[in-house]
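Coordinate-derived values only; no laboratory data. No experiment lies behind these values; they were computed from the predicted model shown. Note that each Cβ is placed from the backbone with ideal geometry, even for glycine, and that neighbours are counted across all protein chains shown.
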Amino acid sequence: MPVPAPAIPPFEPPPTPSSLDDSGRRILWIIGLYRAVCGAALLGIALFVDLKGVAAIAPNPFITGAALYFMFGLAAFAWVQIERLPLALPHLALALLAGDIFFLSLVIVAGGNAVAPIPILLFPQLAASGWLLRTQTAFFHAAFASVVLLGLDVWRALEGSIGGAQIVQTGIVGFGYFATVGIAVALGRYTKASEDLAAQRGIDVANLEQVNRLIIQDMQDGVLVVDLNGVVRGHNAQVTRLLGGFGRMRGGMRLAEFSSTLHDYWRRWQDDFTIPLPAFKVEVTQRLLRVRLVRIGSGLNGGTLIYLEDLGRAQTEAQQMKLAAMGRLTASIAHEVRNPLSAINQAAQLLEEDGTVAPEGQRLLAMIRNNSKRIDRIVGEVLQLNRRDRQQPETIALADFLRNLVDEIVQAENIPPGGVQLAIPEELVVIFDRGHFNQILWNLVRNAWQHCQKKEASVRIAARAGYMGDAVIFELADDGPGIPAELRGQIFEPFFTTRPGGTGLGLYIARELADANGATLELLPKSPGAHFRMTLKRASAAASAPAAQPEA
C-alpha cells in the first residue's frame with residue numbers, strides 16, 4: 001500500500017478588525033478596572049462627605065447616581081472578562097462609552113457645580129477607544145461625548161443651575177476629547193505597524209530557521225550543536241548514521257554519553273583552538289571520520305558546532321558507480337548466461353534419467369548441477385545491485401510480515417522449527433519497500449544460520465521502538481562464534497566472504513537496500529555471535545497495512 005500523503009493543515013483565516021488580541025484584552029481590562037475604581041471613589045464621596053457642605057444640588061440623587069455608576073463599572077468589568085465577547089469591538093466600545101456618559105450625567109445633574117470636573121474622567125475611555133479602533137470611528141466617540149455633555153450644560157444653564165463659564169469649560173474639555181482620540185489613534189496605528197513588522201520579522205526568522213534545519217538535515221556531513229556544558233542541543237540524522245547510534249539520541253544527552261571520542265576532541269579543542277584533530281574510525285560503522293569544530297555565539301549563550309565528515313564517502317561513491325555499471329552490464333548479459341546454464345542443467349538431468357551414465361560419472365553430473373546453480377545464484381545476486389534505486393516504500397505491520405516471512409525462510413532453508421525465535425511487538429509499523437525487506441532479512445537469516453550452533457533459538461530476531469519515537473530498532477543475533485575483530489570492517493564490502501562457495505554480496509546488498517530505504521544496517525560489537533541492527537522509519541499505527549504477505 002502506498003505511503004499516505006501528509007495531511008494538509010486546515011486554513012486559518014486572518015483575524016478580522018473586530019477581533020481582539022492580547023494587548024486589546026489588556027486595554028479593556030485596565031479601562032474596566034479604572035471605571036470600577038472611579039465608581040467606588042464617587043460612591044465613597046457620596047457616602048462619607050457632607051454633600052450639602054460642598055453645595056450639592058440633590059444629595060440623595062447624587063448617592064443614587066454614584067451607586068448606579070459603581071454597579072455599572074462592576075458589571076462592565078465582569079463583561080470584558082468573557083472569553084468570547086458578545087459584541088464586535090466597535091459596538092462594545094460605543095456601548096461602554098454610552099454607559100459612562102449616561103451614569104456620569106446623572107451624577108453631574110445631582111451634584112451641580114460641586115462635580116464640575118467630572119467630565120475629565122472620560123479621557124481614559126476615549127483614549128482606549130482611539131487606540132483600539134484606530135479609525136475615524138473613534139472621533140465619533142469624542143463627538144458623542146462632547147455633544148451630550150455640552151447639551152447637558154446648556155440645559156442646566158437655561159434652568160439657571162450653572163453659569164456660562166461652565167459651558168466654556170465643558171467645550172474646552174470636549175476639544176481635549178478630540179485631541180486625546182487623535183493622539184491615541186496615531187499611537188495605535190504606529191503600534192499596529194510595529195506589531196505587524198515584528199510579526200513579519202518573526203515569520204521570516206522562523207522560515208529561515210526551517211530552511212537552515214532542512215539544509216542541515218540534508219547535509220552529507222554530520223552536524224551536532226553542543227552548549228558550553230557539553231550537552232547536545234541538536235543534531236541531524238547524518239550524525240547517527242555515521243556514529244551508528246540512530247534511535248538512541250535523546251534530548252539533553254551529554255556528548256560524553258553519546259561519543260566519548262567526540263567529547264575528548266571537544267575538550268581538547270576548548271583548551272586550544274589551534275590544535276590539529278586527527279581523523280578517527282568508528283568501530284560500529286567502520287567509518288573514518290574527520291572532525292571540525294566551530295565556535296558559535298558568545299558568552300553564556302555560546303556553543304560549538306561539530307562537523308563530522310565521512311572520509312570514505314568519495315571512495316564509497318566511486319565503488320557504487322563501479323558496481324552500478326557492473327550491474328547494468330550483468331543485466332544485459334544475464335539472458336545470454338542463463339540460457340546456456342539452463343541447457344547444461346537440462347542435459348545433466350537427462351543424462352541422469354537416462355541411466356546410461358556409469359556410477360563413477362554420477363559424481364561428475366552432481367558437480368555440473370552444483371556449479372550451474374552456483375553460477376545462477378551469483379548472477380542473481382549481482383542483479384540485485386540494480387534494485388537500490390527502484391524502491392517502492394509502503395507501510396508494513398512488522399509483526400505479521402516477519403512471522404510470514406520467517407516461516408517461508410525456515411521452510412526454504414531447511415531450518416528446524418524453533419531455530420529462529422521472534423520477539424516483535426504487534427503495534428510496530430514501518431515504512432519500507434516490501435521486496436527489499438524480504439531480500440535483507442533472507443540474507444541475514446541465511447547467513448546467521450550458516451554460522452550458528454543450529455539449536456533451538458540459535459537465531460533471535462527482536463524489534464522495539466526507538467527512543468525518539470520516529471524509528472524502529474530491528475535486531476538479529478545468532479549464537480555462533482561471531483566475527484573476528486580484524487574482519488569487522490570488511491564484512492559489508494562487496495565480494496568479501498569467508499565461506500567457501502560464497503559470493504560475498506549478501507551483506508553488501510542488504511546494507512545497500514537498507515540505505516536506499518532511509519534505514520541503517522550495522523554490525524554491533526556484541527558477543528557471543530554476530531549481532532546486526534537495522535534502524536527503520538516508523539509509521540503511525542493508523543497507517544498500518546493489512547497483514548503482509550512476503551514475496552516469493
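Below is a table of values for the structure above.
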item: Karplus-derived HN-Hα couplings along region 409-421 (A = 6.51, B = -1.76, C = 1.60, θ = phi - 60°), whole Hz, x at Gly and Pro; result: 5, 4, 5, 5, 9, 6, 8, x, x, x, x, 10, 9
item: Tensor-based shape of region 22-198 (alpha-carbon gyration tensor, a/c under 1.5 rounded, otherwise prolate or oblate); result: oblate
item: Global geometry of region 110-244, whether rounded, prolate or oblate, following the gyration tensor of its Cα atoms and the 1.5 cut on a/c; result: prolate
item: Candidates per chymotrypsin sites (Phe, Trp or Tyr not before Pro) in region 456-529, loop by DSSP, up to 12 other Cβ within 10 Å; result: F495
item: Residue-wise HN-Hα coupling along region 361-369, computed from phi with Karplus coefficients 6.51, -1.76, 1.60 (Hz; x: Gly, Pro); result: x, 4, 5, 5, 5, 4, 4, 4, 5
item: Region 391-543: relative contact order in percent, alpha carbon pairs under 8 Å with at least 6 residues between; result: 26 percent
item: From phi via Karplus (6.51, -1.76, 1.60), per-residue ³J(HN,Hα) for region 348-355 in Hz, x at Gly/Pro; result: 5, 5, 5, 4, 5, 6, 5, x
item: Region 219-311: C-alpha gyration tensor shape, a/c 1.5 cut-off, then a/b vs b/c; result: oblate
item: Full-stretch length increase - A358, A98 - with 0.36 nm per residue and alpha-carbon distance subtracted; result: 81.6 nm
item: Extension reserve of the E159-Q490 stretch, reckoned as 0.36 nm per residue once the Cα distance is removed; result: 108.1 nm
item: In nm, spacing of pseudo-spin labels at A279 and R254 (7 Å Cα→C-beta vector); result: 3.1 nm
item: By average C-beta atoms within 10 angstrom, highest first, the peptides 271-281, 528-538; result: 528-538, 271-281
item: Added length on full extension, which subtracts the Cα-Cα distance from 0.36 nm per residue, I82 to N404; result: 109.9 nm
item: Placed amide H near T520: partners under 5 Å, 5+ positions off or other chain; result: T535
